[in-house]
Amino acid sequence: MERYLIVIDMQKDFIDGALGSDMAKAIVPKVVEKMKEYEPGRIYATRDTHFENYLETLEGKKLPVVHCIKESEGWQIHPEVSAAMPEAKIYDKYTFGSEELAQEMYRLSLGRDMEIELVGLCTDICVVSNALLLRAKLPGTVIKVDPACCAGVTKESHRAALETMKMCQIDILPEKGTDGPEKE
């Protein structure tokens with residue numbers, strides 16, 4: 001079975017920048033460790049991408065915090081994460097989910113037995129969006145999410161997103177006694 005890892009939006013602005021949080025900072029070493037479990041050529045990533053007119057967009061009006069402006073420091077993948085995935089194919093996405101990435105995973109799935117695991121930020125926005133896109137495109141593929149390698153906007157919304165994914169037949173891995181954002 002071919003195993004693929006998708007690293008969602010592990011960017012500076014979501015970790016220690018404009019929208020950073022302690023929960024996001026806490027998963028960085030866990031995500032780096034997780035990447036060691038995968039062949040380097042089977043790691044894919046997304047990068048939330050906005051432009052100077054962000055505050056004029058629908059998203060910008062609903063979340064008026066400028067972040068992930070293309071080519072800015074905050075748009076970059078966090079240095080520790082980037083260093084751990086030098087061969088990753090990175091998809092810039094202009095909305096919560098990447099249809100281009102889902103299409104690539106579908107193409108890769110043809111004639112193959114594969115599974116996909118997702119990690120990253122934010123569980124309750126972009127991780128769940130990408131997981132559901134993948135589920136819709138790949139109904140027969142095992143899709144997993146490691147909650148110890150994800151962080152949400154809040155602990156409550158993180159848990160709610162995990163439950164939503166679980167209801168859509170996405171496997172939520174056990175936490176293995178971590179001290180991550182899910183542990184209470």
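All of the numbers you see were taken from the coordinates with simple rules; none came from a lab. None of the values given here were measured: they were computed from a predicted structure. Neighbour counts run over all protein chains shown; Cβ positions are idealised from the backbone, glycine included.
The figures follow:
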read-out	value
Flag if Gly120 is buried (at least 20 other Cβ atoms within 10 Å of the Cβ), on the phi > 0 side of the Ramachandran plot and not in a helix (DSSP H, G or I)	yes
Of all residues in the stretch 59-86 being surrounded by 10 or more Cβ atoms within 10 Å (Cβ to Cβ) and of a type in the set (D, E, K, R), the one that is nearest to Asp13 (Cα to Cα)	Glu73
Subset of the stretch 91-112 that is farther than 18 Å from Arg47 by Cβ and out of contact with any strand residue (DSSP E or B) (no Cβ under 7 Å at 6 or more places or on another chain) - its residue that is surrounded by the most Cβ atoms within 10 Å (Cβ to Cβ)	Ser109
Filter result (of a type in the set (Val, Ile, Thr) and surrounded by 23 or more Cβ atoms within 10 Å (Cβ to Cβ)) within the stretch 123-142	Thr123, Val127, Val128
Subset tally (residues that are assigned to a helix (DSSP H, G or I), surrounded by 11 or more Cβ atoms within 10 Å (Cβ to Cβ), among the hydrophobic types (A, V, I, L, M, F, W, C) and free of Cβ contacts under 8 Å to residues at least 24 places away in the same chain) for the stretch 35-58	1
